[in-house]
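Participant: Here it is: the structure, laid out below.
Every read-out reported here was derived from the displayed coordinates using simple, explicitly stated rules and does not represent laboratory data. Just so it is clear, the model here is predicted, and its values are computed rather than measured. Every residue, glycine as well, gets a Cβ built from its backbone with ideal geometry; the counts of neighbours run over all protein chains shown.
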Amino acid sequence: MGKAVVAAIAVGMVASFVQAQPGLPDTPVCNRHLSVDDVSGYEGDAPARVYTEFVFHVTSSGCGAPMEVPFEVSPIDSTDFFDMVPRFGFIRFGAGDLEPKEITVQVRPDNAPEHDEIFAVWIKPPAAPGAVIDKCVGGGKILNDDFGVVLSPKIGSRLHCSE
Ligand SMILES: [Ca+2]
Ligand SMILES: [Ca+2]
């Protein structure tokens, strides 16, 4: 073993000894990474069904810090309250829990020919520390399943983080 290697090991030992001193931060930085996926589907027809459910998944990796993650489901640009049911809520992760969580959105079927429409599912920073949001918005794409001439102009939808 060369002198340089021995010196490097000695420096490393001193560094770890210093970090272990009481009063100095010795907890490793460890975050829960969160992402919400995108969902597309046909709206369905009325009155055959009252709602069509779009199920989004919030996936988690990294360390499993316990936390409540706020979410919001809202229309954007080309959608409105007649297309889906907006809501707020929380998804909950226990300590060490890395299972995906579901956010179910109720889409309202109709029989009118329309353009495809987009709404947003946002996940927001939790109050607890240790969260990193890798993908903050899930796009819900409501696909047209009605035949006929669409008279309304197509309005673009932009997906972006809520804040
Ligand atoms: Ca329809
Ligand atoms: Ca329709």
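Participant: In the stretch 26-63, which residue that is away from ligand 1 (no atom under 14 Å from the Cβ) and among the charged types (D, E, K, R) is farthest from the chain's Cα centre (by Cα)?
Facilitator: Taking the candidates together, the pick is ASP26.
Participant: Looking for whichever is under 16 Å from SER40 (Cβ atoms) and in contact (Cβ under 8 Å) with a residue 40 or more places away in the chain here; the options are ASP145, ASP134. Which one fits? Working first, answer last.
Facilitator: Working: ASP134 fails: under 16 Å from SER40 (Cβ atoms).
After ruling out the rest, the residue left standing is ASP145.
Participant: Identify the residue in the stretch 36-86 that is in contact with a Pro (Cβ under 8 Å, 6 or more places away or on another chain) and among the aromatic types (Phe, Trp, Tyr) and, among all such residues, is farthest from PRO126 (Cα to Cα).
Facilitator: Looking at residues that are in contact with a Pro (Cβ under 8 Å, 6 or more places away or on another chain) and among the aromatic types (Phe, Trp, Tyr), I get TYR51.
Participant: Still on this structure, I have one more. Filter the stretch 27-60 down to residues that are surrounded by fewer than 15 Cβ atoms within 10 Å (Cβ to Cβ) and hydrophobic (A, V, I, L, M, F, W, C) and give me whichever is farthest from GLY140 (Cα to Cα).
Facilitator: That would be VAL29.
Participant: Now for a separate question. Can you go through PRO66, PRO153, PRO125 and tell me which one is away from ligand 1 (no atom under 16 Å from the Cβ) and farther than 21 Å from SER35 by Cβ?
Facilitator: Answer to the check: PRO153.
Participant: Of all strands (runs of 3 or more DSSP E) completely enclosed by the stretch 61-133, which ones contain at least 1 residues that are surrounded by fewer than 20 Cβ atoms within 10 Å (Cβ to Cβ)?
Facilitator: Here the list reads 67-75, 87-93, 101-107.
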